[in-house]
Amino acid sequence: MADENTLMFPPIEPYRQGRLQVDGLHNLYWEECGNPAGQPVLFLHGGPGGGTSPTHRRFFDPAHYRIVLFDQRGAGKSTPLGEYRNNTTELLIEDIEKIREMLNIDQWLVFGGSWGSTLALAYGQAYPDRCLGFVLRGIFLCTKAEVDWFINGMNHFFPEVHEAFAHAIPHSERGNLLQAYVKRLFDEEPAIYREAARHWSRYEGSCLFLEPQAQAIEDFESDQVSLGIGRLEAHYMLNGAFMDEDQLIKNIHLIRHLPAVIVQGRYDVICPPLSAYRLHQAWPSSRLHMIKDAGHAAMEPGIAAELVRATEQFKHHQKFL
């Protein structure tokens, strides 16, 4: 695989970071990188519960962009980790607005992959006047069909991985794996919910790349990652992301006038290409780039290169070519 350093901008550190108490329970970590006087761009991480990483800063030219990243409720450095109470799509959207207002930003480019694409679309449809455009990757619309695919359908491509995922649950409960995992992930006993979170997160981590990456699987199994991902993915999937079925497609008219690029791995098993294709059909002016040799992960070389190309196009043209 190509060295990621040839695909992205060099590592950078934040010039400002802080914490924002958004209610009596949740405290969010946020940071700014790049050019303080530059064009604002918001990075929305995946999961839910995935959190940000230093690599996420590197999709953007730091000389041009004022790069804003934050860990959503229950994710990354935000506390409490894995907390699903007071955690809904509507609340996350309002958190984004609080951060925008706190930083005195009028409008920004919105960049999100996987669950980040879900949240980007939901935020844009709630606050279209605050968005300059969208860079979206690995589209997830959180429909019932997509949730069923994630829980059950991936066994068609990763049967041994799905078998391990299912075998963590007693045979009598395997008829509804999502409900069985929810029961354990939301148990009050740490030993029970941590073990369930590790099984859930390993399942996803094993299917991220076209060629599975041992380091990614190991990272996803860590308590710091797995607790956020396991608990919050199950929480949002169980509740249909707190949206009406296919809401993001039905409301696409609210943002159809804005520029958008969709970057999708052809062999994305976690978020199959049908959702990206449906989104593009509903949004004909968007640009769809199907990466022929990639799975789901943003760090697949073809995907990373296309994402950087997109932010460079927006830098020069304020649209996508």
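The values are calculated or read from the model by the stated rules, or taken from the named source; none is laboratory data. Values in this document were obtained by computation on a predicted structure and should not be read as measured data. Glycine also receives a Cβ, built like all others from the backbone with ideal geometry; neighbour counts cover every protein chain displayed. Heavy atoms of the whole protein, side chains included, go into the accessibility calculation; ligands, DNA and RNA do not. Shrake-Rupley method; radii C 1.70, N 1.55, O 1.52, S 1.80 Å.
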Self-check item: Test set (1) open to solvent by 30 Å² or more (accessible area, probe 1.4 Å); (2) without any contact (Cβ under 8 Å) to a residue 24 or more places away in the chain; (3) not in a loop (DSSP other than H, G, I, E, B) - P284 fails condition number
Solution: (3)
Quiz item: Out of the stretch 34-63, which residues are more than 23 Å from V225 (Cα to Cα), free of Cβ contacts under 8 Å to residues at least 40 places away in the same chain and either among the hydroxyl-bearing types (S, T, Y) or in a strand (DSSP E or B) (or both)?
Solution: G34
Quiz item: Within the stretch 132-155, is even one residue touching a strand residue (DSSP E or B) at 6+ places or on another chain (Cβ under 7 Å), surrounded by fewer than 21 Cβ atoms within 10 Å (Cβ to Cβ) and not in a loop (DSSP other than H, G, I, E, B)?
Solution: yes
Quiz item: Residues L274, L232: which one is closer than 15 Å to C142 by Cβ and buried (at least 24 other Cβ atoms within 10 Å of the Cβ)?
Solution: L232
Exercise. Could you please find all residues in the stretch 173-219 being among the polar types (S, T, N, Q) and more than 20 Å from S114 (Cβ to Cβ)?
Key: N176, Q179
Quiz prompt | Of residues in the stretch 13-25 being within 21 Å of the chain's Cα centre (by Cα) and of a type in the set (A, V, I, L, M), the one nearest to E83 (Cα to Cα) | solution = V22
Quiz item: Hey, any hits in the stretch 207-216 for a residue that's assigned to a helix (DSSP H, G or I), open to solvent by 40 Å² or more (accessible area, probe 1.4 Å), over 30 Å from K319 (Cα atoms) and modelled with pLDDT of 95 or more?
Solution: no
Quiz item: So how many residues does the stretch 250-264 have that are assigned to a helix (DSSP H, G or I) and open to solvent by less than 30 Å² (accessible area, probe 1.4 Å)?
Solution: 1
Practice problem: Considering each of L42, L28, L81 in turn, give the residue that is among the hydrophobic types (A, V, I, L, M, F, W, C), under 13 Å from the mean Cα position of the chain (by Cα) and at pLDDT 95 or above. | Solution: L42
Quiz prompt | Hits in the stretch 302-321 (condition: among the acidic types (D, E) and either buried (at least 17 other Cβ atoms within 10 Å of the Cβ) or closer than 15 Å to T55 by Cα (or both)) | solution = E306
Practice problem: Give the residue, chosen from A191, A166, A196, that is part of a helix (DSSP H, G or I) and in contact (Cβ under 8 Å) with a residue 24 or more places away in the chain. | Solution: A196
